[in-house]
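The structure appears right after this line, and notes come after that.
The values are calculated or read from the model by the stated rules, or taken from the named source; none is laboratory data. Given the structure is predicted, the values throughout are model-derived calculations rather than measurements. Here Cβ is always computed from backbone atoms with ideal geometry, including for glycine, and neighbour counts include all displayed protein chains.
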Amino acid sequence: MKDTYDLIIVGGGISGASLLYTVASFTDVESVALIEKESEIAAINSHHTNNSQTLHFGDIETNYTLEKAEEVKEGAEMLAGYLEDVDPERELHSKRSKMVLAVGDDEVEELEARYEDEGFGDLYPKLDEIGRDEIADLEPKVVEGRDPDEEMLALQTPDGYTVDYGATAQSFVDAVAEETGVDVHLGTAVEDVRETVDGFLVTTADGDKFESDAAVVAAGCHSLQFAQKMGYGEELSLLPVAGSFFVANEGLLNGKVYTLQMKKLPFAAVHGDAEVHDGDLTRFGPTAKVVPTLERGDYDTIRDFFDVFALNVDSFASYTSILADRVLFPYVVRNLVYDLPAVGERAFLPHVQKVVPTVESGDIERAEGFGGIRPQIVDTSERSLDMGEAKITGDGIVFNVTPSPGASTCLKNAMRDTHQVLEFLDGEYEFDEEAFRDATIGNFPRAGSPTTKQPIAADDD
Ligand SMILES: Cc1cc2nc3c(=O)[nH]c(=O)nc-3n(C[C@H](O)[C@H](O)[C@H](O)COP(=O)(O)OP(=O)(O)OC[C@H]3O[C@@H](n4cnc5c(N)ncnc54)[C@H](O)[C@@H]3O)c2cc1C
């Protein structure tokens, strides 16, 4: 192993791993290192137990605007195409039905307008409007026990990719780890990244030192902490939002069923998902609990949270103004209850019943040890909560802060970062974007192609 590289990537979740794959496979950059503090790739938010495993295309996410959906769609098609190519046996992912459900006149009207008038039907040719009978064929438990006079409508698509993002991140690393010039350092915590005359000096917790011409920090919730230590992103803070899940051991759903977004709520509405590796396990969630840590269950990261919280007037004022919102405040309080033993399950039950009406309180339990943290960005100058990902571009260095849908868009992010890194490296190297697109989005099955004509099995693991 060497200790001087063209590029160092800090963080081996799906963001860092997809960038390593993109740079090592599709550019002539001579040396690149990935440095990860855990002993395995993708042990934190990208791990399959810690997120909802949805490949977000923007088709059934009613919290997305059309503009956001257009942006996310290309990224999702890149990852879907990659998976179709490298994972024909569906070991890293499964493909099932996916729908967003409207119940009652108001919701049905809203969903119809989204599909027919707002452009979502045109943007997603595989998305269909289906009524009660077709919903019952695909997801019998969603219809069972409902008032037969209640109106129902769903937007449904066969593009229900359920992804083990951790295993996918590992597949990116495996694809390039043996190549000359690629080093992967696991169990290596980066303590400091410092700018030097020629580039960057990266110091680990064990005192090892690595140098590079360019750097990308893809350390999830910790990326902002690294940025601020180097003087970037000082107007930003983080609202860490932990997400937990409830599980039903009976296979209640065959695929993904999302509910309609609650008005003005920034977090995705509760949904039901068949687990990627076990279709008999149905997950409901995620919840959204504001916590003062940067990693789930790791109390050492409380210190890190206070680094990015910044104990100043702007930070306090921003948090107060965001959390005092008339919609958000009761929602945040309710979410604290869901994590309480015994009462939590009962309090969460109505959300599950919105998807599967016949579920009773003994049918679900909290999924212990499941769930991660979404690093939602707070702009302290605007006192606003910015949903989605944040990219801070410095001099020779990029910092990625990646709440949902960061896993879905990992390859699109990697493509952008690759262009940026090559610019940092003074145009010495080239990116074969055409080959990258051939290997990714080039394999995505379009509407009418033979793959999409195949029936989607209830569980085709
Ligand atoms: C409840 C929940 C549900 C979600 N559902 C979805 C979903 O359905 N679809 C979707 O697309 N996204 C979803 N997301 C978001 C998704 O999980 C993230 O966008 C994605 O995992 C981010 O990947 P990452 O590689 O950027 O970060 P992470 O996976 O968090 O990886 C960061 C890595 O950096 C490493 N690191 C940190 N500090 C250091 C250091 N000092 N030195 C070395 N390494 C370091 C960490 O150990 C970690 O491995 C969800 C998130 C949550 C919490």
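Give the number of residues within region 1-47 that are of a type in the set (Val, Ile, Thr), crowded, with 24+ Cβ neighbours inside 10 Å and more than 6 Å from the ligand (Cβ to nearest atom).
Summing the residues that are of a type in the set (Val, Ile, Thr), crowded, with 24+ Cβ neighbours inside 10 Å and more than 6 Å from the ligand (Cβ to nearest atom) in region 1-47 gives 6.
Could you identify the single residue in Thr196, Thr168 that is of a type outside the set (Lys, Arg) and farther than 27 Å from His271 by Cα?
Sole residue among the options that is of a type outside the set (Lys, Arg) and farther than 27 Å from His271 by Cα: Thr196.
In region 10-42, what residues are over 21 Å from Thr203 (Cα atoms), assigned to a loop (DSSP other than H, G, I, E, B) and touching a Phe, Trp or Tyr at 6+ places or on another chain (Cβ under 6 Å)?
Answer for region 10-42, where residues must be over 21 Å from Thr203 (Cα atoms), assigned to a loop (DSSP other than H, G, I, E, B) and touching a Phe, Trp or Tyr at 6+ places or on another chain (Cβ under 6 Å): Asp28, Val29.
Based on what the data block shows, is Phe348 outside any loop (DSSP other than H, G, I, E, B) and either surrounded by 21 or more Cβ atoms within 10 Å (Cβ to Cβ) or under 24 Å from the mean Cα position of the chain (by Cα) (or both)?
yes
Would a scan of region 230-243 turn up a residue that is out of contact with any helix residue (DSSP H, G or I) (no Cβ under 6 Å at 6 or more places or on another chain), at pLDDT 90 or above, closer than 24 Å to Glu38 by Cβ and among the acidic types (Asp, Glu)?
no
How many of the residues making up region 351-372 are over 25 Å from the mean Cα position of the chain (by Cα) and touching a residue at least 40 places away in the same chain (Cβ under 8 Å)?
Count: 4.
Counting only residues that are surrounded by 15 or more Cβ atoms within 10 Å (Cβ to Cβ) and among the β-branched types (Val, Ile, Thr), which one in region 179-213 is nearest to Ile41 (Cα to Cα)?
Val184
Determine which single condition Val202 fails, assuming it passes every other condition in (1) within 12 Å of the ligand (Cβ to nearest atom); (2) under 25 Å from His419 (Cβ atoms); (3) in a strand (DSSP E or B); (4) touching a Gly at 6+ places or on another chain (Cβ under 9 Å).
(4)
Given the condition touching a strand residue (DSSP E or B) at 6+ places or on another chain (Cβ under 6 Å) and more than 30 Å from Leu101 (Cα to Cα), answer yes or no: does some residue in region 240-260 qualify?
No - not one qualifying residue is present in region 240-260.
Give Gly388, Gly394 a once-over and let me know the one that is within 30 Å of Val313 (Cβ to Cβ), within 16 Å of the ligand (Cβ to nearest atom), surrounded by fewer than 23 Cβ atoms within 10 Å (Cβ to Cβ) and not aliphatic (A, V, I, L, M).
Unique residue meeting the criteria: Gly388.
So in region 359-385, with the set limited to residues that are of a type in the set (Ser, Thr, Tyr) and either within 16 Å of the ligand (Cβ to nearest atom) or closer than 22 Å to Cys221 by Cα (or both), which one is surrounded by the fewest Cβ atoms within 10 Å (Cβ to Cβ)?
Among residues in region 359-385 that are of a type in the set (Ser, Thr, Tyr) and either within 16 Å of the ligand (Cβ to nearest atom) or closer than 22 Å to Cys221 by Cα (or both), the one surrounded by the fewest Cβ atoms within 10 Å (Cβ to Cβ) is Ser381.
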